[in-house]
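Step one of this worksheet: look at the structure below.
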Amino acid sequence: AQTIHQWPVAEIKAVGSPLSLGCTIKGKSSPNLYWYWQATGGTLQQLFYSITVGQVESVVQLNLSASRPKDDQFILSTEKLLLSHSGFYLCAWSLGGVQNTLYFGAGTRLSVL
Amino acid sequence: GDSVTQTEGQVALSEEDFLTIHCNYSASGYPALFWYVQYPGEGPQFLFRASRDKEKGSSRGFEATYDKGTTSFHLRKASVQESDSAVYYCALGTANSGTYQRFGTGTKLQVVP
């Protein structure tokens with residue numbers, strides 16, 4: 001069975017501090033990987049996607065970056081957090097393109113103070 | 001561009017009521033249409049999908065029928081339970097949308113006993 005694990009579960013960070021969020025997918029080879037962001041009470045906004053190791057495409061510019069160092073790992077990071085980065089970060093995977101189902105992790109709740 | 005519209009931001013029902021959440025889309029061709037459900041503090045979960053005109057998707061007592069004529073994929077359930085309280089998202093993915101699976105704004109369902 002496939003599992004998707006996100007870490008950490010929650011973070012409280014200061015404005016200007018660095019951030020690194022992670023996601024690991026087990027049980028699937030070469031999945032498409034995505035990062036989504038959700039403001040409190042808001043909809044899902046896609047941030048990045050990756051179809052293979054070492055390749056990441058940005059969808060929305062939010063002063064964030066992403067990397068895929070391994071087939072089963074996806075990292076979201078920034079060197080300087082902004083207040084606007086607060087929200088719920090979700091990692092997801094799919095087999096193939098966006099006409100296929102997305103499977104989401106449990107998410108990371110980020111509060112920037 | 002491709003888009004998904006959910007007209008109800010919130011729906012309040014009593015147990016055993018009939019549920020309808022409206023979803024209309026704008027896209028060329030035959031996009032894949034999805035319903036996801038998100039419980040508080042969790043990532044969205046896939047409910048079901050459809051990709052052809054008149055195709056019905058269903059899961060857990062929920063169902064929706066792909067209607068190309070009215071560009072709709074309305075979510076319905078005959079008898080809701082308190083445990084159905086959650087946020088429901090309609091989404092679409094097309095070959096033309098690149099890696100973007102577009103989500104609607106979500107409908108918060110609250111079911112009271």
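The values are calculated or read from the model by the stated rules, or taken from the named source; none is laboratory data. Quick caveat: nothing in here was measured; it's all calculated off a predicted structure. No Cβ is skipped: glycine too gets one built from the backbone with ideal geometry, and neighbour counts run over all protein chains shown. Heavy atoms of the whole protein, side chains included, go into the accessibility calculation; ligands, DNA and RNA do not. Shrake-Rupley method; radii C 1.70, N 1.55, O 1.52, S 1.80 Å.
Annotations
- Check on A:Gly22, part of a strand (DSSP E or B) and either in contact with a Lys or Arg (Cβ under 8 Å, 6 or more places away or on another chain) or at negative phi (or both): yes
- Filtered residues of region B:87-113 (kept if outside any loop (DSSP other than H, G, I, E, B), within 20 Å of B:Tyr39 (Cα to Cα) and open to solvent by 10 Å² or more (accessible area, probe 1.4 Å)): B:Val87, B:Arg102, B:Phe103, B:Lys108, B:Gln110, B:Val112
- Residues in region B:39-52 include none that are hydrophobic (A, V, I, L, M, F, W, C), more than 11 Å from chain A (Cβ to nearest Cβ) and open to solvent by 20 Å² or more (accessible area, probe 1.4 Å).
- Residues located in region A:73-87, provided they are open to solvent by less than 10 Å² (accessible area, probe 1.4 Å) and either without any contact (Cβ under 8 Å) to a residue 60 or more places away in the chain or within 14 Å of chain B (Cβ to nearest Cβ) (or both): A:Phe74, A:Leu76, A:Gly87
- Looking across region A:1-19 at every residue that is at pLDDT 95 or above, of a type outside the set (S, T, N, Q) and part of a loop (DSSP other than H, G, I, E, B), the one that is most open to solvent (accessible area, probe 1.4 Å) is identified as A:Val9.
- Residues of region A:95-111 that turn out to be open to solvent by less than 10 Å² (accessible area, probe 1.4 Å) and more than 8 Å from chain B (Cβ to nearest Cβ), as a count: 2
- The single condition among (1) open to solvent by 70 Å² or more (accessible area, probe 1.4 Å); (2) in contact with an Asp or Glu (Cβ under 6 Å, 6 or more places away or on another chain); (3) modelled with pLDDT of 95 or more that B:Thr70 does not satisfy is (2).
- Residues of region B:53-105 classified as within 11 Å of chain A (Cβ to nearest Cβ) and farther than 21 Å from A:Gln99 by Cβ, total: 2
- Any hit, region A:30-43, residues being more than 9 Å from chain B (Cβ to nearest Cβ), over 23 Å from B:Tyr89 (Cβ atoms) and touching a residue at least 12 places away in the same chain (Cβ under 8 Å): yes
- Single match in A:Gly54, A:Gly96, A:Gly22, A:Gly42 (criterion: under 30 Å from B:Glu8 (Cα atoms) and either at pLDDT below 95 or in contact with a strand residue (DSSP E or B) (Cβ under 8 Å, 6 or more places away or on another chain) (or both)): A:Gly42
- Members of region A:52-72 that are under 14 Å from the mean Cα position of the chain (by Cα), under 17 Å from A:Leu95 (Cβ atoms) and open to solvent by 30 Å² or more (accessible area, probe 1.4 Å): A:Asp72
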